[in-house]
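This report concerns only the one structure given below.
The values are calculated or read from the model by the stated rules, or taken from the named source; none is laboratory data. Just so it is clear, the model here is predicted, and its values are computed rather than measured. A quick note on method: Cβ atoms are made from the backbone with ideal geometry, for glycine too, and the neighbour counts reach across all protein chains shown. SASA here: full protein model, heavy atoms, side chains in, ligands and nucleic acids out. Shrake-Rupley method; radii C 1.70, N 1.55, O 1.52, S 1.80 Å.
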Amino acid sequence: MSDPSRVRFPWHRSAVRVLTTVVATAASLVVISTVVYLASGEVNRVDDAIFESMAGFTTTSLTVVDPEALPNWLLAWRALTQWLGGLGGLIFALVVVPTFGGQRRLSEVAGGRGRRAVLARTWSHTTQRVVLTYASFTVLVAAAYAAAGMGAFDSATFGLTTASTGGFANYRDSFAHFDSAAI
């Protein structure tokens, strides 16, 4: 009988194929985001648009733009790129990486305690768990910001960038902009 805390991944994909797919997807997202920045007219240089796109999807807080000069839809785009980058990192760590080992002991199952494994038996169920947990955490963070006094737009965008640990802000001085001990 197999150990129930071990996860088996039934698909057989070569490491090269998996990593090629991951890199191609990441590159495609950066290209799409670069086009969005350039089409907005707010970022005029290709290298700046690429930099801003990479900073978003890699969840760094580096930026070459003045966030206070950007329209709200572009601030939301920046926050969304960081959120997607954080989600992609989690999926890579919890779904893609274990495929290279075949089985992984990424589990909280302890004899008779009733805890569920971190990973499900299939990659699609694991991905669903990761997305649901990440999205739920994001909503909780945004709700906490709103309860602390942030407006709806700011709490949503700050929630996206906080969940991803990215740090893009809508203001040059980030949280200090709110001048509040509660936030």
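Numbers for the structure displayed
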quantity	calculated
Computed lengthening from F137 to L62, 0.36 nm per intervening residue step minus Cα-Cα distance	24.6 nm
With all protein chains modelled, accessible area of R45 [1.4 Å, Å²]	130 Å²
Cα-projected label distance for L19 with V31, points at 7 Å along beta-carbon direction, nm	2.1 nm
